[in-house]
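Written out below as structure tokens is the structure these notes cover.
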Amino acid sequence: MSLLTVVFALLFYVATLILIGGLAYRIRLYAKTPAPLKIPTMPAPTTKSGVVVRMASEVVLFNSLFKSNKWIWIFGWMFHFALLLVVLRHLRYFIEPVWTWVVLIQPFGIYAGFFMVLGLLGLWARRLFVERIRYISGPSDHLILALLVAIGVSGLMIKFVFPTDIVAVKAFFLGLMRFDLQPLPTDPMLLVHLLLVAVLMIIFPISKLLHAPGIFFSPTRNQVDDSRERRHLAPWAAKLEQGND
Amino acid sequence: MADYEIPKLNPELDVPEIPALEPDKMAGLKPFVAAPAHQEPLGFPGELVDNWQQVAIDKMGELLGKYRSLQVYLDSCVKCGACTDKCHYFLGTNDPKNMPVARQDLLRSVYRRHFTFAGKYFPKLVGARDLTEEVLDEWYSYFHQCSQCRRCSVYCPYGIDTAEISMAAREIMDAVGKGQKYCNEILGKVLKIGNNLGLPEPALVDTLEGLEEDIKMDTGVDVRLPVDVKGAEVLLITPSADFFAEPHIDGLIGYAKVFHQAGISWTLSSYASEAGNFGMFIGSYDTMRKAALRIRQAALELGVKRIVVGECGHAWRVAYSFWNTLTGVGAGADDPFGQMLQKQLDPRYPQPQHICELTSDLIDRGALKLDKSANDHRVVTFHDSCNVARATRMGDRPGGQFEIPRKVIQSVCANYVDMAPDTIRQNTFCCGGGGGLLTDDLMEIRVKGAMPRMQALDQVMNENGVNTMASICAICKSQFSKVLPYYDKPMHMIASVHQLVSDSIILGAKE
Ligand code: SF4
Ligand code: SF4
């Protein structure tokens with residue numbers, strides 16, 4: 001087994017642990033922190049199923065962003081849904097036999113790679129050229145965009161310019177999942193691509209990428225408008241009541 | 001009339017143009033700092049404590065554990081910029097720190113430094129800052145240039161509500177001894193005397209008797225404004241500005257006429273003579289709860305069956321969204337504290353109920369005789385108050401908070417026009433004086449922040465001959481009375497919704 005394979009294997013084990021452990025920690029934190037007051041942004045749904053619809057329209061269609069700014073919406077939506085397709089397309093490296101629907105989306109996944117990069121470049125251009133968005137951007141905001149663009153571009157390069165032995169790549173990842181290391185091809189572009197993906201996994205739970213779980217816990221979006229009908233009381237707030245009724 | 005520039009209105013545009021940035025333009029504008037006499041009654045240190053940095057960080061940690069909103073919102077912002085042009089204070093001042101995300105970042109930078117891995121080890125990379133005196137100064141300026149209007153939260157893809165951040169920041173500042181005089185002085189009065197003005201019972205009774213005489217002179221009818229009547233059906237909780245300020249007082253007369261005409265027995269309470277609850281502005285759950293508990297106590301003592309709330313925006317938010325939580329005014333409690341009050345309240349009515357809901361129901365039932373022609377000299381538009389629009393509801397359906405007041409207005413006025421769609425309903429622009437900013441020491445931000453509303457108003461004045469802007473918020477009414485003249489508009493064009501009802505109601509003519 002080459003050193004390179006071992007290093008990348010370790011890298012992906014560590015990255016996966018950090019990603020899953022970090023996200024679990026954060027999600028637990030959000031879930032156990034109480035929301036003591038009813039603060040849905042009104043008008044809000046008056047039923048739980050209404051909240052599901054509201055949340056779905058935010059997560060799938062970026063409804064509020066659409067109301068807000070059409071350019072950010074177009075680029076943002078393009079990026080996220082292209083990314084989703086790309087990720088689904090990559091499932092084929094992790095399952096055997098490959099599910100039919102994963103086979104069917106392969107061609108779309110390839111085009112999605114281009115749209116993903118395009119969306120990212122659009123967002124980046126706004127960050128660079130729109131004065132007020134430049135003002136609120138910090139180094140990490142640019143770096144995350146750079147990282148994602150680099151992941152997209154390196155992936156496309158592997159596909160179109162510097163092909164690699166994807167059968168071996170798949171064997172490597174299946175091997176990782178079975179704790180049975182298989183040699184990883186040594187094409188530089190592949191290694192760059194994988195390295196950047198691992199970096200993304202590692203920074204996910206410690207960066208603004210936390211917006212992904214965050215939105216589901218956002219009280220302005222996930223609360224039911226029923227404050228007159230139901231008494232909503234957080235545990236720490238209930239304690240204040242002891243002794244004065 | 002002012003030593004700063006009054007923003008120009010552009011009648012061509014519904015929503016003001018996004019300005020070029022003028023960094024730190026408003027950094028110097030700060031409200032008066034609370035004196036020990038204002039701080040201590042609320043349980044806050046009288047002045048800046050010695051180890052204030054540590055106290056502030058500890059407080060931040062405590063709040064992060066108590067409020068999911070704060071924890072999630074400080075983590076989730078992706079700096080997409082969607083909110084950057086949504087705040088009236090940014091549009092009116094050009095100061096980038098009045099962009100919602102930049103306002104949040106004032107707090108977020110310190111959060112990151114002390115509570116996140118990235119901020120501890122790579123502060124420069126993620127814009128993390130230590131809490132220095134300059135940072136505290138910035139907080140004091142810019143968290144008092146936010147009216148907690150929630151307009152930004154409508155447009156943020158994650159619903160990040162800068163109001164939540166401002167409240168937390170103010171709570172931290174109170175905890176280190178750097179509170180705001182205006183809010184904390186008022187809260188002292190409400191907790192001691194029962195209203196924001198510090199109007200004691202005899203003065204209140206006197207004022208109301210005077211009003212009864214005025215109505216009698218005007219209409220020849222004995223319309224009562226009762227106080228502390230045990231066994232009344234309705235307890236009316238209204239902002240104390242309704243007792244003395246113009247045009248608020250005309251609204252109060254309107255409520256009295258509605259109750260009179262509908263034959264509903266009602267009362268005010270001298271112990272709880274204030275709907276406004278500034279505890280929300282300073283983010284203090286505890287203070288907000290203490291102020292709200294006076295209302296619970298008054299309701300229990302007077303034995304009322306219903307609790308109705310007068311025209312007041314932030315107050316209606318506290319009443320509609322928080323009273324059930326804080327005091328049990330509402331329904332559906334399964335604990336003894338909540339049930340004790342809820343058993344007394346009449347389940348056929350929403351508790352609490354907004355005065356516009358009550359009037360609207362009476363209109364539907366034909367219980368009021370109204371003569372629209374009394375308002376024929378008016379062309380009316382309605383200013384949706386920020387907290388009513390984005391933090392409450394009226395009626396059974398989402399959006400009732402927009403429809404019901406409009407319906408009441410249109411039942412008493414023949415000429416009604418809405419302002420541009422991007423500036424009303426959920427998208428409404430704050431009056432510029434909400435959230436604890438309605439004080440003379442913040443006049444500059446109030447005038448500038450009113451600009452987007454003034455521009456939309458200007459449009460309908462020019463195009464449709466609007467001469468009256470109706471509102472259901474005590475703060476909006478006071479703010480507009482003060483600010484309209486800066487934009488060369490008559491201060492008397494701001495009206496209470498129930499003032500319009502009052503003018504059109506025909507007393508004694510009930511079928
Ligand atoms: S819209 Fe929301 S996520 Fe975007 S910059 Fe503003 S606060 Fe951050
Ligand atoms: S809550 Fe209102 S005043 Fe505060 S930042 Fe958001 S838009 Fe501006």
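The values are calculated or read from the model by the stated rules, or taken from the named source; none is laboratory data. Nothing here was measured: the structure is a model prediction, and the numbers come from that model. Quick reminder, even Gly has a Cβ in these numbers, built from the backbone with ideal geometry, and neighbours come from all protein chains shown. When the accessible area is computed, the model is the full protein with side chains, heavy atoms only, and any ligands, DNA or RNA have been set aside. Shrake-Rupley method; radii C 1.70, N 1.55, O 1.52, S 1.80 Å.
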Note to self: Taking the Cα centroid of the stretch B:332-409 and of the stretch B:465-511, what is the distance between the two, rounded to the nearest whole Å?
What the structure shows: 18
Check: Using a 4.7 Å Cβ cut-off, which Cys residues in chain B lack a partner cysteine?
Finding: B:Cys77, B:Cys80, B:Cys87, B:Cys146, B:Cys156, B:Cys183, B:Cys312, B:Cys356, B:Cys413
Check: In the stretch B:425-511, what trypsin sites (Lys or Arg not before Pro) fall in a loop by DSSP, with at most 14 other Cβ atoms inside 10 Å?
Finding: B:Lys510
Next item on the list: Wrap a convex hull around the Cα atoms of the protein assembly as shown, take a quarter of its surface area, and give that in square nanometres.
Entry: 34.9
Check: Angle, helix B:285-302 long axis vs. longest principal axis of chain B, Cα atoms, 0 to 90°, nearest 10?
Finding: 20
Margin query: Nearest 10 degrees is fine. How inclined is helix B:400-412 to the longest principal axis of chain B, computing both from alpha carbons?
Written below: 40
Notebook entry, point to check: Per residue, what accessible area does the stretch B:370-504 have, given a 1.4 Å probe and all protein chains present, in Å²?
Noted result: 27
Checklist line | Pairwise burial B:A, computed as accessible area of each alone minus the pair, summed, 1.4 Å, Å² | finding: 5900
Item checked: Debye log10 I(q)/I(0) at q = 0.09, 0.14 Å⁻¹ for the stretch B:370-504, Cα point scatterers -> -0.24, -0.59
Item checked: Whole-angstrom gap from the stretch B:180-209 to the stretch A:52-122, using each part's C-alpha centre -> 57
Margin query: Could you tell me how far the Cα centroid of the stretch B:1-44 sits from the Cα centroid of the stretch B:133-158, in Å?
Written below: 11
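Write down the Å³ per residue value for the convex hull defined by the alpha carbon atoms of chain B. Provide the component values of the computation, followed by the final result.
Numbers: hull volume 73.3 nm³, N = 511.
Convex hull volume per residue, Cα atoms: 143 Å³.
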Check: Roughly how large, in nm² to one decimal, is the mean projection of the convex hull of the alpha-carbon atoms in the stretch B:100-224?
Finding: 12.0
Notebook entry, point to check: Amide H to amide H under 5 Å from B:Glu274: which residues, 5+ apart in sequence or cross-chain, H placed 1.01 Å off N in plane?
Noted result: B:Thr238
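Which chymotrypsin sites (Phe, Trp or Tyr not before Pro) in the stretch A:123-185 pass both tests, a DSSP loop state and at most 14 other beta-carbon atoms within 10 Å?
Values: sites: A:Trp124, A:Phe129, A:Tyr135, A:Phe160, A:Phe172, A:Phe173, A:Phe179; in loops: A:Phe179.
Filter output for the stretch A:123-185: A:Phe179.
For the stretch B:36-180, report the accessible area per residue in Å² (1.4 Å probe, heavy atoms, rounded to an integer). Please report the intermediate quantities before stating the final value.
Working: 3970 Å² over 145 residues.
That works out to 27 Å² per residue.
Suppose every K and R has +1 on its Cβ and every D and E has -1 on its Cβ; what is the size of the dipole of the protein assembly as shown about the Cα centre, in Debye to the nearest 20? Walk me through the numbers on the way to the answer.
Numbers: 76 positive and 76 negative charges, 538 e Å.
In debye, rounded to 20, the protein assembly as shown gives about 2580.
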Next item on the list: Just flag the GluC sites (Glu not before Pro) in the stretch B:50-139 sitting in loop per DSSP whose Cβ has no more than 10 other Cβ atoms within 10 Å.
Entry: none
Check: Over the stretch B:226-265, with a single point scatterer placed on each C-alpha, what log10 of the ratio I(q)/I(0) does the Debye formula yield at q = 0.20, 0.27 1/Å?
Finding: -0.64, -0.99
Check: With Cβ to Cβ distances under 12 Å as the rule, what net charge do the other residues near A:Ala112 carry (K, R +1; D, E -1)?
Finding: +2
Check: Which whole-number percent gives the relative contact order of chain B, counting Cα pairs below 8 Å spaced six or more residues apart?
Finding: 19
Next item on the list: Work through the residues other than B:Glu301 whose Cβ is under 10 Å from its Cβ and net out their charges, Lys, Arg +1 and Asp, Glu -1.
Entry: +1
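Roughly how big is chain B's charge dipole about its Cα centre, with Cβ charges of +1 (Lys, Arg) and -1 (Asp, Glu), in debye to the nearest 20? Walk me through the numbers on the way to the answer.
Details: 53 positive and 64 negative charges, 273 e Å.
Using Cβ point charges on Lys, Arg, Asp and Glu, chain B gives about 1320 debye.
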Next item on the list: Rounded to the nearest 10 degrees, what's the angle between the helix B:201-219 long axis and the longest principal axis of chain B, both from Cα atoms, 0 to 90?
Entry: 50
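Rounded to the nearest 500, what is chain B's calculated 222 nm mean residue ellipticity when only DSSP H runs of at least 4 contribute -39500 (n - 2.57) each, over all residues?
After summing the helix terms and dividing by residue count, I get -13500 deg cm²/dmol.
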Checklist line | Partner lysines for A:Lys32 [C-alpha distance under 23 Å; skip if fewer than 8 residues away on the same chain] | finding: A:Lys48, A:Lys208, A:Lys239, B:Lys59, B:Lys66
Check: Which percent of Cα pairs goes in each bin when the distances of chain A are cut into 10 angstrom slices starting at zero?
Finding: 6, 23, 30, 22, 12, 5, 1, 0
Next item on the list: Pairs of lysines 8 or more apart, or on different chains, with alpha carbons under 23 Å: count those in the stretch B:186-359, would you?
Entry: 12
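Short version: what are the Cα gyration tensor semi-axes of the stretch B:36-180, square root of 5 times each eigenvalue, largest first, in whole Å? Please report the intermediate quantities before stating the final value.
Values: eigenvalues 112, 70, 38 Å².
Ellipsoid half-lengths, sorted descending, are 24, 19, 14 Å.
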Notebook entry, point to check: Among all the lysines, which ones have a C-alpha under 17 Å from A:Lys159's C-alpha, if same-chain residues fewer than 8 places away are not counted?
Noted result: A:Lys170
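What is the local net charge at B:Phe90, summed over the other residues whose Cβ is closer than 11 Å to its Cβ (Lys, Arg +1; Asp, Glu -1)?
Net of charged neighbours comes to +4.
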Margin query: Filter chain A for me: DSSP H helices, axial length by Cα at least 24 angstrom, mean Kyte-Doolittle hydropathy not below -0.5. List them by residue number.
Written below: A:3-32, A:70-90, A:106-129, A:139-160
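Considering only protein heavy atoms and a probe of 1.4 Å, how much of the accessible area of the protein assembly as shown is carbon and sulfur, as a whole percent?
Working: 17660 of 28760 Å².
So the carbon and sulfur contribution to the accessible surface is 61 percent.
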Checklist line | Residue-wise HN-Hα coupling along the stretch B:106-120, computed from phi with Karplus coefficients 6.51, -1.76, 1.60 (Hz; x: Gly, Pro) | finding: 4, 8, 4, 4, 6, 4, 4, 4, 9, 10, 10, 4, 4, x, 6
Next item on the list: Sticking with the crude label model, points 7 Å out along Cα→Cβ, report the distance from A:Gln106 to A:Ala168 in nm, one decimal please.
Entry: 2.0
